[in-house]
Amino acid sequence: MADNYDVIVIGGGPGGYVAAIRAAQQGFSVACIEKRTHRGKPALGGTCLNVGCIPSKALLDSSWKFYEAKEYLGEHGIKLNQNQPKLDLQQMHKRKDEIVAQLTGGVEQLFKANKVTWLQGAGRLQAGKKVEFAPGEGDKQTLQAKYVILASGSEPIQLPVAELHEDVVVTSTGALEFESVPKRLGVIGAGIIGLELGSVWARLGAEVTVLEAVDTMLPMVDRTVAKETQKHLKNQGLDIRLGARVTGTEVKQKKATVSFSDKNGDHQETFDRLIVAVGRAPCTDHLVSGDAGITLDERGFIDVDSQCRTEVPGVYAIGDIVRGPALAHKAIEEGSMVAEVIGGEHTQLNYETIPSVIYTHPEVAWIGKTEEEAKAAGDAYKTGMVAFATNGRALAAGDSGGLVKFVADENTDRILGMHVVGPQASELVQQGVIAMEFGGTMEDLQLMVFSHPSLSETVHEAALAADQKAIHAVNRPRRKK
Ligand code: FAD
Ligand code: AMP
């Protein structure tokens, strides 16, 4: 093993592994230090591939197929033999695990192909761009780098009033592994992760209660979209209690009794399983030594500029340990940007056009300003909104819940935000990303040809609706200024 590298990346998640590969592509000698083990084996891919985005989406997709077979196949004229589909949860987990193994193994292959050295163990930044490497087995070593990229990611926030307890009170990681469908499932936190995991188990038959301290549903989402989302999740059996702050938890005989208070007083509910999904915190506790020159803020984040430079020249930090949304695609693009900046490029990320997605059914996806944000900023704005119920393709698919909404500048016609709740929202929002990146306007989208029949026609119609030109929906009167 060499002890000198051009670039050392600490953390092999989506931020770190992309940074390592992109740096190697430019001819740098690169090592990526990653300490994670998954199912007893060293694993690349970070939270996202091992216990985050990918396994959760595998379960979301599988559980939706089960729910669809139970609830909706009949209306398509498809009858199941015994009338009810039968769940093989072990097979569902096996499929999820195989996808994870395929993708994490793929990153390992990409490292080999790009000549990135994977150092299995923990890394810690020291002064002078030295990195202490503690392998899984054996003595610590000191490595020297010209550039260091910190990409150690995040971990679930622990809630003192709901301490983890074996397989009864768990984080998102445990919630991806339940060996049976809990009869009664509690979820603390109605954020993205809480709603996605609550959806998985509700679709598979659990009675799900979500306790959320804040009294607003998805406060970061456009109000029209949030209300529509709440309606659909309620119909799927998620009992979302807003303004319900958890104050204590007691585990007895493999059941968790949760105390919480809301505007009507104090309450208790008993669950077979409880998921604590109250956010994630940066993993920076043992990442930098005292003399490294990096200061952490009170929540453990590392301060960086718009190109992820820390206060130490040649040291960068990316992904969940720095400002901005804790999303894999944000970490990926920061990894790529930093590697290119090190290589002398002028790459810059547009933080205004990072999409967010909640993979419930229907999916929720958005980019840019909500109507409420445009109003609060005093923008002269207009909105265009159309429901999927007006879309032939959505109706043909039997998946016509939800809507597309644009917020655009009244004077320049430029798109300020796009908000979708509906089928394939995660894919549709990308049209808004592309349009906004090109400085697109409502008129641009109005004049483009969209395939018929396609879900994308709703994007077209919503753009038309912004100027009262929708054809397949009744136009709303122009908003009074
Ligand atoms: P991570 O993926 O956390 O990777 C960091 C890695 O660094 C870890 O593997 C860790 O072991 C390693 N590490 C830490 N410290 C050290 C050290 N000192 N030495 C060596 N290695 C170290 N985001 C989305 O965009 N879309 C989604 O659908 C989505 N779904 C999610 C679902 C769940 C259940 C969860 C938990 C998260 C989800 N996320 C999703 C968030 C996403 O996983 C993170 O934003 C993303 O993984 C952040 O990437 P990262 O590279 O910054 O860190
Ligand atoms: P996110 O940060 O998007 O993952 O969402 C986590 C959610 O958990 C936030 O909406 C918080 O308001 C919520 N939350 C945090 N603490 C509590 C608590 N004690 N009881 C209920 N909800 C909580």
Computed on Cα atoms, Rg of the chain relative to 2.2 N^0.38 Å comes out at 1.04
About its Cα centre, the chain carries a charge dipole, from +1 on Lys and Arg Cβ atoms and -1 on Asp and Glu Cβ atoms, whose size in debye to the nearest 20 is 820
The answer for chymotrypsin sites (Phe, Trp or Tyr not before Pro) in segment 373-481 that fall in a DSSP coil and have at most 10 neighbouring Cβ atoms within 10 Å is F438
The Cα radius of gyration of segment 362-465, divided by 2.2 N^0.38 Å with N its residue count, comes to 1.00
In whole angstrom, largest first, the equivalent ellipsoid semi-axes that the Cα gyration tensor gives for segment 310-422 are 34, 19, 12
With the 1.4 Å probe rolled over protein heavy atoms, segment 286-389 has an accessible area per residue in Å² of 42
Filtering trypsin sites (Lys or Arg not before Pro) in segment 137-215 by DSSP loop and by at most 16 other Cβ atoms within 10 Å leaves K140, K183
Spelling it out for V169: with amide H atoms placed in the peptide plane at 1.01 Å from N, the residues 5 or more places away or on another chain with amide H under 5 Å from its amide H are L274
In deg cm²/dmol, rounded to the nearest 500, the helical mean residue ellipticity at 222 nm of the chain, built from -39500 (n - 2.57) for every DSSP H run of length 4 or more, is -9000 deg cm²/dmol
Residues whose modelled amide H sits under 5 Å from the amide H of Y381, counting only those 5 or more places away in sequence or on another chain, are E410
Counting only protein heavy atoms with a 1.4 Å probe and every protein chain in place, the carbon and sulfur fraction of the accessible surface of segment 169-278 in whole percent equals 47
At R0 = 30 Å the Cβ-Cβ FRET efficiency linking M1 and Q102, nearest 0.05, sits at 0.60
Once both label points are put 7 Å beyond Cα along the C-beta direction, the E75-K41 separation in nm becomes 4.3
Scalar couplings 3J(HN,Hα) for segment 141-158 by Karplus 6.51 cos²θ - 1.76 cosθ + 1.60 (θ = phi - 60°), nearest whole Hz, x for Gly and Pro, are 10, 10, 10, 10, 10, 7, 9, 10, 10, 8, 8, 8, x, 9, 9, x, 6, 8
Amide H neighbours of V187 at under 5 Å, excluding residues fewer than 5 places away on the same chain, with H built from the backbone geometry, are T209, V210, L211, I275
Around S454 (Cβ within 12 Å, Cβ-to-Cβ, excluding S454; K/R +1, D/E -1) the net charge comes to -2
Computed about the Cα centre, the charge dipole of segment 304-397 from +1 Lys/Arg and -1 Asp/Glu charges at the Cβ has a magnitude in debye, to the nearest 20, of 340
Diffusion coefficient in µm²/s returned for segment 37-77 by Stokes-Einstein, Kirkwood Rh over C-alpha pairs, 4 °C and 1.567 mPa s, is 107
Computed over segment 169-278, protein heavy atoms only, probe 1.4 angstrom, the accessible area per residue in square angstrom equals 42
The size of the Cβ-based charge dipole (Lys, Arg +1; Asp, Glu -1) of segment 362-465 about the Cα centre, to the nearest 20 debye, is 160
Per segment 274-360, sqrt(5λ) over the Cα gyration tensor eigenvalues, sorted largest first, in Å, gives 23, 20, 9
Taking the convex hull of the alpha-carbon atoms of segment 16-114 and averaging its shadow over every direction gives an area in square nanometres of 8.3
With the dipole of the chain defined by +1 on each Lys or Arg Cβ and -1 on each Asp or Glu Cβ, the option from S152, G265, A213 whose Cα lies farthest towards the positive pole is G265
Short to long, in 5 Å steps from zero, the percent of alpha-carbon pairs of segment 169-278 per bin is 2, 13, 25, 25, 20, 11, 3, 1, 0
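The values are calculated or read from the model by the stated rules, or taken from the named source; none is laboratory data. Remember, predicted model here, so these are calculated numbers, not experimental data. Backbone-built Cβ (ideal geometry, glycine too); neighbour counts: all protein chains shown. Heavy atoms of the whole protein, side chains included, go into the accessibility calculation; ligands, DNA and RNA do not. Shrake-Rupley method; radii C 1.70, N 1.55, O 1.52, S 1.80 Å.
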